Amino acid sequence: MSTKNWPLWEVFVRSKNGLEHRHFGSLHAADADMALENARDVYTRRNEGVSIWVVESKNITASNPQHNGEMFEPAQDKVYRHPTFYELPDEVKYM
Amino acid sequence: MSEEQIKNLEAQFEARIARDEKIEAKDWMPEKYRKTHIRQMSQHAHSEIVGMLPEGNWITRAPSLRRKVALLAKVQDEAGHGLYLYSACETLGISRDELYEQLHSGKAKYSSIFNYPTVTWADMGAIGWLVDGAAIINQVPLCNTSYGPYARAMVRVCKEESFHQRQGYEIMIKLANGTPEQKEMAQDALNRWWWPSLMMLGPTDAESIHTEQSMKWKLKRKSNDDLRQQFIDQTVPQADLIGLTIPDPDLKWNEEKGSYDFGDIDWDEFWQVVKGHGPCNKERMNARVGAWERGEWVRDAAMAHAEKQQQRKEKQAV
């Protein structure tokens, strides 16, 4: 039995320049170099990417969906952050 | 949490799924949902991994370079599909090591079709055409399943899978149009893979114990019998087209229901193979466990190298 398991990495791929890196999935690898190589083979076998980021999963801090209320509700009643909140006469153009 | 609170959460959970909302890894979910998903997703991943073995058998003996690169790419895809599914499964809080352990100890199942031998090159054709064909029918509805990580993995799997079926059918076309011996080889492969492929779509609805719950969670959109009928109806004309005969004397077009009637499936054989008494169950597990054990020193060496590099980096930073 191996003493240590390969850690888990999250893989982000930019599918073409101009687009952001997007989360594609995860994989196990001994280190960052191997994670990049494995990500190439696992997630971009058909030209799905031009750039890959890998980050060890343990380094990601995620919000807890059970606290979504406190976390996201404060934005819900702030309609004045949207342009449609403001009343303008119909004659006004280009605004 | 009190029983009342759990009931409440469960009701909210079921309502979310009914509204077609996706469930994500950190969301609250009933224990049974988690367990059922771990079971199905890991079984699916194991099937991809074990599924490489019967085809790996023919990579070195493919009849041309064209066939060889295609088969290699297909087997590589299967490794990839296994990895997408394992990592999706890990989001439910089970480790990769536990998943492997379950496969290697025989606790977890994989698709029983991979316990049949691949004795001729035509089997590569039949597997792509029939086994991948049946798999696609099973998998396409899963792209809309309720568990987000599973659905996303399945979108990727399905996108890649259609080349698998086409390359298999192309092998069959070539053989069916070849010499009498080649055609016979294709027919023989169809004869051997037809019934196991029908069984792949699962026990009859009357026998299927998980169907109702799985339908509710969108782990399943159609019943096994419906999927099987769909598979038969779309495959029979493909066999006709290349002059091969489906090995079922009771197969007959039923004008009234607009689909084929077919003969009885030998479910005893199915359960025998599931229980470990198929022609290759032992061989497959030995190959898989052997590969894992023989690879241990490589995994350890990679880890040792990574640690050494890390230490060197830290030292330089001081």
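Which of the peptides B:280-291, B:15-26 is most tightly packed, and how do the rest follow, judged by the mean count of other Cβ atoms within 10 Å per residue?
Numbers: B:280-291: 15.6, B:15-26: 13.6.
Highest mean packing first, the order is B:280-291, B:15-26.
I need the fraction of alpha carbon pairs in the range B:195-277 separated by more than 19 Å, rounded to a whole percent. Of the Cα pairs, 46 percent sit more than 19 Å apart. By the helix-only formula, in which each DSSP H run with n ≥ 4 contributes -39500 (n - 2.57) and the sum is divided by residues, chain A has a 222 nm mean residue ellipticity of -5000 deg cm²/dmol.
Here r is the Cβ-Cβ distance between B:Ala301 and A:Leu36 and R0 is 22 Å; the resulting FRET efficiency, rounded to 0.05, is 0.75. Association of chains A and B removes close to 2000 square angstrom of accessible area from solvent, both sides included, for a probe radius of 1.4 Å. Solvent-accessible surface, computed for protein heavy atoms with a probe of 1.4 Å, shrinks by 30 Å² or more for the following residues of the range B:19-43 when the other protein chains are added to the isolated chain: B:Lys26.
Averaging Cα coordinates gives a centre for the range B:37-68 and one for the range A:54-72; these two points are 36 Å apart. Amide hydrogen proximity for A:Phe24: with H placed 1.01 Å from N in the peptide plane, the residues at 5 or more positions away or on another chain lying under 5 Å are A:Val11, A:Phe12, A:Val13.
Dividing the alpha-carbon radius of gyration of the protein assembly as shown by 2.2 N^0.38 Å (N being the number of residues), what value is obtained?
Numbers: Rg = 24.9 Å, N = 413, 2.2 N^0.38 = 21.7 Å.
Relative to the rule-of-thumb radius for its length, the protein assembly as shown sits at 1.15.
Length available on full extension from B:Glu212 to B:Gln316: 0.36 nm per residue minus the Cα-Cα distance, which gives 31.4 nm. Along the Cα-to-C-beta direction of A:Ser63, a point sits 7 Å from the Cα; which residues of the range B:19-44 have their amide N less than 20 Å from that point? From the range B:19-44, the list is B:21-29. Candidate cross-link partners of B:Lys183 among the lysines, defined by an alpha-carbon separation under 30 Å and a same-chain spacing of 8 or more, comprise B:Lys68, B:Lys74, B:Lys174, B:Lys252.
For the peptide B:78-90, the mean number of other protein chain Cβ atoms found within 10 angstrom of a residue's Cβ is 3. Size descriptors for the range B:1-96, from the alpha-carbon set: Rg then Dmax equal 19.5, 65 Å. Solvent-accessible area of chain B (1.4 angstrom probe, protein heavy atoms only): carbon and sulfur portion equals 54 percent. Would the range B:75-191 count as rounded, prolate or oblate if I go by the C-alpha gyration tensor, calling it rounded below 1.5 in a/c and otherwise prolate when a/b exceeds b/c, oblate otherwise? Because a/c hits 1.5 or more and a/b exceeds b/c, the range B:75-191 counts as prolate. Gap in Å between the Cα centre of the range B:143-208 and the Cα centre of the range B:215-269? Their Cα centres are 13 Å away from one another.
The residues of chain B expose on average 51 square angstrom of accessible surface per residue, using a 1.4 Å probe on protein heavy atoms.
Less than 5 angstrom separates the built amide H of A:Ser51 from those of A:Arg14, all sequence-distant by 5 or more or on a different chain. Here the spin labels are modelled as points 7 Å beyond Cα on the Cα-Cβ line, and at B:Ala11 and B:Val155 they lie 3.3 nm apart. Counting residues in the range A:8-81 as N, plug N into 2.2 N^0.38 Å and put the Cα Rg over that result. Computed over Cα atoms of the range A:8-81, the ratio equals 1.47. Roughly how many percent of the accessible protein surface of the range A:8-81 is carbon and sulfur, given a 1.4 Å probe and a whole-percent answer? After summing per-atom areas, the C and S share lands at 50 percent.
Computed from Cα positions, the angle between helix A:32-43 and the longest principal axis of chain A comes to roughly 70 degrees. What does a probe at A:Ser51 reach in the range A:19-41, counting residues whose amide N is under 18 Å from the point 7 Å along Cα→Cβ? Answer for this model: A:19-25, A:36-37, A:39-40. Does chain B come out rounded, prolate or oblate, given a ≥ b ≥ c as the square roots of the eigenvalues of its C-alpha gyration tensor, rounded meaning a/c under 1.5 and, failing that, prolate meaning a/b above b/c? In terms of gyration-tensor shape, oblate. When chain A is treated as a GNM, springs tying every alpha-carbon pair under 10 Å, which of A:Glu70, A:Glu48, A:Glu20 comes out with the largest mean-square fluctuation? Sorting by GNM fluctuation, first place goes to A:Glu70.
Inter-chain neighbour count for B:297-306: the average number of beta-carbon atoms from partner chains within 10 Å of each residue's beta-carbon is 4. Spacing of the modelled spin labels on A:His82 and B:Lys26, each 7 Å from Cα toward Cβ, amounts to 2.6 nm.
Kirkwood hydrodynamic radius for the range B:162-318: how many Å is it when counted over pairs of different Cα atoms? Write down the numbers at each step before the final one.
Values: mean 1/r = 0.0498 Å⁻¹.
The Cα-based Kirkwood calculation yields 20.1 Å.
Entry comment: accessible area of the range A:8-81 is 66 Å² per residue, from protein heavy atoms only and a probe of 1.4 Å.
The values are calculated or read from the model by the stated rules, or taken from the named source; none is laboratory data. The model shown is predicted, which means the values in this text are computed figures rather than measured ones. Because the Cβ atoms are built from the backbone with ideal geometry, glycine has one as well, and the counts that use them run over all protein chains shown. For the accessible areas, the whole protein counts, side chains as well, though only heavy atoms, and no ligand, DNA or RNA atoms are used. Shrake-Rupley method; radii C 1.70, N 1.55, O 1.52, S 1.80 Å.
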